[in-house]
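Here is the structure we will look at, set down as structure tokens.
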Amino acid sequence: MSLSAIAGDVRAGRRSAVEHARDAIARTRRDNPRLVAVTRVLEDRALAEAVAVDARVAAGEDPGPLAGVPYAVKDLFDVAGLPTTAGAAMRADAAPATRDAEAVRRLQAAGAVLVATCNMDAFAYGFATINAAYGTTRNPHDRSRIAGGSSGGSAAAVAAGMVPLSLGSDTNGSVRVPAGLCGIYGLKPTHGGLPMAGAYPFVDSFDDIGPFAVSAADLELAWRVLGGTSNDAGQGRVGRLGGWFARGVAPELAAGIDAIATHLGGLPVVELPEVDRARSAAFLMSAVEGGALHLPELRARPLAFDPQVRDRLLAGALVPAAAYQAAQRFRAWFRTAVMAIFERFDVLIAPSAGVEAPLVDDPFVEIDGERVPARAHLGIYTQPLSFVGLPVVAVPLLRRGKLPLGLQLVGRPGGEAALFALARELEAAGLIGVG
Amino acid sequence: MNDVEFPPADIAGAAASIGLQIPAECLPGVAANLAALAEHLRNVEAHERTA
């Protein structure tokens, strides 16, 4: 059921928000033990919010465009009264948040009902959602496989049908990678395009929040409710990224892009310059900013950190400032080069993860014939794009009965409208969609 | 990159200079990550040498 259909039913009084909330909670409690997507079910809060929505309907008021829509948030969004763990056991006893994150506030104001918080890589530093304290989130399409990360719980919760909407965050690909591996839609907005207030940071220079959903229309609706705006008219000159973005891609994914190119009457191949260096610079900046953010706790209690992130944060804290400055200089150069390409194109198509979801027990991916750890390499196609603040709509190839493969529709800053327009067109053509 | 040694040969010493004490069990992992970051830095700096 689409978000607008749920809200339409609730607004018309055909079905109550409480019924939707109870159903979402029941689905979550039923499925979560085998998926480990959710860290906390917020039954009391959800029912109180749902009752309030129903009361507004009964009073003849309009609760908003997401009336009664159940949703979940990555466990780095502040939820009033709860500690914001950011996926770290060492924050389980942090002081409770005194107010909701701004994104949560906006969803609530639109009538949505928060039912759960979701699992993630500790401190959002990873692409796997393998969490020492809260468990490994399993892919709903094949529980022997990872869901991707770091927003893996949020993606799995939507892919499994626990909730039709969730929020994640994306620094180097943490929305786009799990969206691709779980076969759903996800948005990495233009940097700064959606409110970060009350979202636990990772790399301030390119952290963003974004929604997951099961259709382009749902994703766009959530983006607009969250405050997203676009400065384009939704007209698209489309290209496909080659070079770096064509290497190591699963053949079926490459064939999917070929099919899209055929549908669009052919797509020029575009190469971004020095993408490998962009990825290197993104790695450096992530390590340095992450290390600096956590330096006080690294000094005080390093062994309290999740072992999956601890050594990387410690290393990041030891990177000299001159290295960070070199990465920043490269970023400025790369951004200029990318912006020049977007004078000729509105949308560029690229893989998201590039491969099917790796196995939990063997989390490796094959890149150009070489087996490499999934944790670091699932982001090879995503890191160089968010690094310069570009908006990306992550979409699933339509592959019924098969493991998901995902794409990125990449735009210029403020160019989300063109991305959503292309997503709707490809969806209508049966080329992308939830299988 | 100026005259700062990176990755540092003496990781514990470099850590101590910023108030960090790296547990012994973390040193191999930290060293591996520093080596990877140093490779990324060389990659970035190569751009400046060729630009």
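The values are calculated or read from the model by the stated rules, or taken from the named source; none is laboratory data. If you're wondering where the values come from, they're calculated on a predicted model, not measured in any experiment. For neighbour counting, all protein chains shown are included, and Cβ atoms are generated from backbone atoms with ideal geometry for every residue, glycine included.
Overview of results
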read-out	value
Which numbered condition B:Ala38 misses (of (1) in contact with a Phe, Trp or Tyr (Cβ under 7 Å, 6 or more places away or on another chain); (2) facing chain A (nearest Cβ under 8 Å))	(2)
Tabulated pairs, the range A:322-349, first among the hydroxyl-bearing types (Ser, Thr, Tyr), second modelled with pLDDT under 95 and surrounded by fewer than 22 Cβ atoms within 10 Å (Cβ to Cβ), C-beta under 9 angstrom, 6+ apart or interchain	none
Test for A:Met162: is it farther than 17 Å from A:Gln408 by Cβ, among the hydrophobic types (A, V, I, L, M, F, W, C), in the same structural domain as A:Thr98 (by TED's automatic domain parsing) and touching a Lys or Arg at 6+ places or on another chain (Cβ under 6 Å)	yes
Those strands (runs of 3 or more DSSP E) lying entirely in the range A:95-185 with at least 3 residues over 25 Å from A:Arg45 (Cβ atoms)	A:142-146
Out of A:Phe334, A:Phe330, sole residue that is touching an Asp or Glu at 6+ places or on another chain (Cβ under 8 Å) and at the interface with chain B (Cβ under 7 Å from one of its Cβ atoms)	A:Phe330
Condition broken by A:Glu289, with the remaining ones in (1) within 30 Å of A:Leu409 (Cβ to Cβ); (2) at the interface with chain B (Cβ under 10 Å from one of its Cβ atoms) satisfied	(2)
Scan of the range A:94-113 for residues that are farther than 30 Å from A:Phe283 by Cα, out of contact with any helix residue (DSSP H, G or I) (no Cβ under 6 Å at 6 or more places or on another chain) and either buried (at least 24 other Cβ atoms within 10 Å of the Cβ) or modelled with pLDDT under 95 (or both), ordered by number	A:Leu107, A:Ala112
Answer residue from the range A:94-123, given it is touching a Ser or Thr at 6+ places or on another chain (Cβ under 7 Å) and of a type in the set (Val, Ile, Thr) and is nearest to A:Gly168 (Cα to Cα) among those	A:Thr117
Residue under evaluation A:Arg412, criteria (1) more than 27 Å from B:His40 (Cβ to Cβ); (2) touching a residue at least 24 places away in the same chain (Cβ under 8 Å), criterion not met	(1)
Among residues of the range A:260-279, those that are under 25 Å from the mean Cα position of the chain (by Cα) and of a type in the set (Gly, Ala, Ser), counted	1
Residue within the range B:15-34 that is in a helix (DSSP H, G or I), within 7 Å of chain A (Cβ to nearest Cβ), under 20 Å from A:Met285 (Cβ atoms) and not aliphatic (A, V, I, L, M) present	yes
The range A:14-39, residues that are under 24 Å from A:Asp54 (Cα atoms) and among the charged types (D, E, K, R)	A:Arg14, A:Arg15, A:Glu19, A:Arg22, A:Asp23, A:Arg27, A:Arg29
Count - residues of the range A:337-366 that are within 12 Å of chain B (Cβ to nearest Cβ) and of a type in the set (Ser, Thr, Tyr)	0
Per-region count, the range A:261-306, residues closer than 22 Å to B:Asn43 by Cα and of a type outside the set (Asp, Glu)	17
